[in-house]
1. Treating the angle as unsigned and between 0 and 90°, give the value, to the nearest 10°, between the Cα long axis of helix 44-71 and the longest Cα principal axis of the chain.
2. Would you calculate, for the chain, the mean residue ellipticity at 222 nm contributed by helices, counting each DSSP H stretch of 4 or more residues as -39,500 (n - 2.57) and dividing by all residues, to the nearest 500?
3. Any idea what log10 I(q)/I(0) is at q = 0.29, 0.30 Å⁻¹ for the range 1-44, Debye with uniform C-alpha scatterers and no solvent?
4. Which one is right for this structure if Kirkwood radius over Cα pairs in Å is calculated from it: [x] 14.4; [y] 13.7; [z] 18.9?
């Protein structure tokens, strides 16, 4: 098991890039929500509902990365 360190580095990169991507995604999503609500205020509740749905889907991506990383750490490297 000479590549255990590489597995830990791969897991850390996977979690870190997933968190970075999610942060950027939430920033873009929130900005577009504010722009659209400012442009058409009467559609605010409808846009907010769709934004929360997209936020839930956006949160799933890093959770999958965390799951794969835990598999790498505890099964492959273990």
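1. The two axes meet at around 0 degrees.
2. On the way: 2 runs with 64 residues, N = 78.
That calculation yields -30000 deg cm²/dmol at 222 nm.
3. -0.90, -0.92
4. Only one option fits the structure, namely [x].
Throughout, read-outs are computed from the coordinates displayed, never taken from laboratory work. In this text, all values refer to a predicted model and were calculated from it rather than measured experimentally.
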